[in-house]
Amino acid sequence: FNPERGIEILNTILEDRLVKHTYKQEVKLDLADIYLFSGDPWEATLLLSQVEKANKNEPIGHEAKLRNARLSYYIGEYGWAEGQLDILKAATSKLIANDAMNLYLFISENKDNDSLSPALDVFAQAELLVFRRLYTKATVLLDSLYNVSSAHPIADDVLFKKGEIAVLQGNDILADSLFS
């Protein structure tokens, strides 16, 4: 996988005046994913915000808002993410509304009462690593989180996420043991 080449190709498509607006919006979503994958969340959020603003009441705009909320979750901006997810819970298709509801509930259930949420911070970082396909690093983070937070409500989510990673890596035996 070559993110730089992907960015180059998608930017070429965006510069082409013959490409339809709707297709360019989808390309921007893909480009945002590549930026996030390669470690540039600020460029990703800029693109997602552009798609959201240009398509406020369209499904693609709602998808951009959801991805932007998830990106905010990844980087620890939980209040902003919850606000966006709260809007999406009622204003979109069932699929997006369900995804928004699930992430909203996850954040609210695992956020500590004060402004610091170290367990949630580590879990969000691990999820970003999974998005980036850095499974070993994500597993190390999750293991350390579980070792210090086995009594925290997030502990079950840690085991489930480790099971998902095992599935992604083709380790069905480990996944089975984690899902049991």
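Brief remarks on what is shown
- Check on Gly39, surrounded by fewer than 21 Cβ atoms within 10 Å (Cβ to Cβ), in contact with an Asp or Glu (Cβ under 7 Å, 6 or more places away or on another chain) and not in a helix (DSSP H, G or I): no
- Residue list for the range 156-180, restricted to those being in contact with a Phe, Trp or Tyr (Cβ under 6 Å, 6 or more places away or on another chain) and over 26 Å from Ala44 (Cα atoms): Val158, Gly163, Gln169
- Condition check for Gln125: surrounded by 13 or more Cβ atoms within 10 Å (Cβ to Cβ), modelled with pLDDT of 95 or more, farther than 27 Å from Asn55 by Cβ and over 16 Å from the mean Cα position of the chain (by Cα): no
- Unmet criterion (only one of (1) surrounded by 13 or more Cβ atoms within 10 Å (Cβ to Cβ); (2) part of a loop (DSSP other than H, G, I, E, B)) for Leu145: (2)
Every residue, every condition in (1) in contact with a helix residue (DSSP H, G or I) (Cβ under 9 Å, 6 or more places away or on another chain); (2) open to solvent by less than 60 Å² (accessible area, probe 1.4 Å); (3) among the aliphatic types (A, V, I, L, M), yes or no:
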site	(1), (2), (3)
Ala97	yes, yes, yes
Met101	yes, no, yes
Ile107	yes, yes, yes
Ser117	yes, yes, no
Arg132	yes, yes, no
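The values are calculated or read from the model by the stated rules, or taken from the named source; none is laboratory data. Treat the numbers as computed from the prediction; the structure is a model and nothing was measured. With ideal geometry, Cβ positions are generated from the backbone for all residues, glycine too; neighbour counts draw on all protein chains shown. Ligands, DNA and RNA are stripped out before the accessible areas are found, and what is left, the full protein with its side chains, is counted by its heavy atoms. Shrake-Rupley method; radii C 1.70, N 1.55, O 1.52, S 1.80 Å.
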